[in-house]
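Chemist: Dropping the structure in here first, questions after.
Just so you know, all these numbers are worked out from the coordinates, no wet-lab data involved. As the structure is a computational prediction, the values presented were derived from the model and not from experiment. All Cβ positions, glycine included, derive from the backbone under ideal geometry; neighbour counts span all protein chains shown.
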Amino acid sequence: MRLENRVAIVTGAGQGIGKAIALKLASEGASIVISDVNLETAQRVVDEIKSKGGKGLALKADVSKKEEVQKMVKDALEYFKAIHILINNAGIVKYAPITEMKEADWDAVLDVDLKGVFLCTQAVLPHMMAQKWGKIVNISSATGIGCLSEGQATYAAAKTGIIQFTKATALEAGPYGINVNCIAPGMIITDATYSRDSREVAEARIELRKKAAALRRVGYPEDIAKAALFLVSEDASFISAQVLAVNGGRMDRM
Ligand code: NAD
């Protein structure tokens, strides 16, 4: 058990990549706060963790709203008495060409994907600094490094912002024994992969990404969960301010 006596908050952990990370950290002994805007899915993940003998707490919070984030962190601290690990995973996408992009969609993506990372980091950092130990992993994207499809400008801007925010946070938090890193996943198949577009469009997107990857495959949530576990474990104790690209060898995203 690599994470015994550790408490982790995973945002957007009700499904997809966040859920896989939460289950992985729980399997290594961490107590997990499953934070999501959807309390029902969050509770289901907690039930799964508990059914395997782990500890979990579901908390509803929209990461783009400061009061909700502050309350989520306060409730987490009251329940588990400490926060050692933060995984900033919650994110949304809204695809549109720049000429057609609605201002409200730009704001929504930046608010959740980038401001959400800032608000959650700001809320947990004082506690990590006081205990002189912490691990923060921000989930960016291959689209934060390079663009392969049109219509992703908002998402690309937010995910690139996360990379620089990771570095800035690492600099300020490093003297307190806090590692701050970032994962840039390539295409990861989740339930949401097929819900955003028609099956035809989704499959065309998958084929494009398979061809672009040296390993000629797309990824699965478990691929990202394993990378996140590595970054929050002692095996990565001298790693900070880095972007770990987990994308099957996408040389268009370096
Ligand atoms: P997903 O849509 O399956 O899950 C996202 C989760 O975040 C959901 O549970 C949702 O309820 C929650 N969420 C949405 N808005 C929220 C908010 N305002 N506050 C709190 N929770 C909120 O997505 P996913 O594919 O699992 O992606 C997870 C992360 O990984 C995202 O940051 C995404 O940008 C990133 N990512 C995904 C892929 C991919 O191919 N799936 C690739 C690169 C990066």
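Chemist: Go through the stretch 187-235 and count every residue that is free of Cβ contacts under 8 Å to residues at least 60 places away in the same chain, among the hydrophobic types (A, V, I, L, M, F, W, C), within 13 Å of the ligand (Cβ to nearest atom) and touching a helix residue (DSSP H, G or I) at 6+ places or on another chain (Cβ under 7 Å).
Modeler: 2
Chemist: Of the conditions (1) more than 14 Å from the ligand (Cβ to nearest atom); (2) basic (Lys, Arg); (3) surrounded by 23 or more Cβ atoms within 10 Å (Cβ to Cβ), LYS102 clears all except one; give me its number.
Modeler: (3) is the only condition that LYS102 fails.
Chemist: Go through the stretch 204-220 and count every residue that is of a type in the set (A, V, I, L, M) and in a helix (DSSP H, G or I).
Modeler: Total satisfying the criteria: 4.
Chemist: Is it the case that the stretch 142-162 has a residue that's assigned to a strand (DSSP E or B), of a type in the set (Val, Ile, Thr), in contact (Cβ under 8 Å) with a residue 24 or more places away in the chain and under 30 Å from ASN5 (Cα atoms)?
Modeler: no
Chemist: With the requirement that a residue be of a type outside the set (A, V, I, L, M, F, W, C) and under 28 Å from THR166 (Cα atoms), what does the stretch 211-231 give you?
Modeler: Those that are of a type outside the set (A, V, I, L, M, F, W, C) and under 28 Å from THR166 (Cα atoms): ARG217, GLY219, TYR220, PRO221, GLU222, ASP223, LYS226.
Chemist: To continue, here is another question. Restricting to the stretch 111-136, name every residue that is of a type in the set (Val, Ile, Thr) and either within 11 Å of the ligand (Cβ to nearest atom) or without any contact (Cβ under 8 Å) to a residue 40 or more places away in the chain (or both).
Modeler: Selection gives VAL112, VAL117.
Chemist: Something else now. Looking for something in a strand (DSSP E or B), under 15 Å from the mean Cα position of the chain (by Cα) and either at negative phi or not basic (Lys, Arg) (or both) - is there at least one such residue anywhere in the stretch 12-29?
Modeler: no
Chemist: Here's a check for you: in the stretch 137-169, which residue that is within 20 Å of ILE239 (Cβ to Cβ) and among the small types (Gly, Ala, Ser) is farthest from the ligand (Cβ to nearest atom)?
Modeler: ALA168
Chemist: Given (1) aliphatic (A, V, I, L, M); (2) more than 8 Å from the ligand (Cβ to nearest atom); (3) surrounded by fewer than 24 Cβ atoms within 10 Å (Cβ to Cβ), identify the lone condition not met by VAL37.
Modeler: For VAL37, the exception is condition (2).
Chemist: I'm trying to understand the selection: among the residues of the stretch 74-95, which are away from the ligand (no atom under 16 Å from the Cβ) and either at positive phi or small (Gly, Ala, Ser) (or both)?
Modeler: LYS81, ALA82
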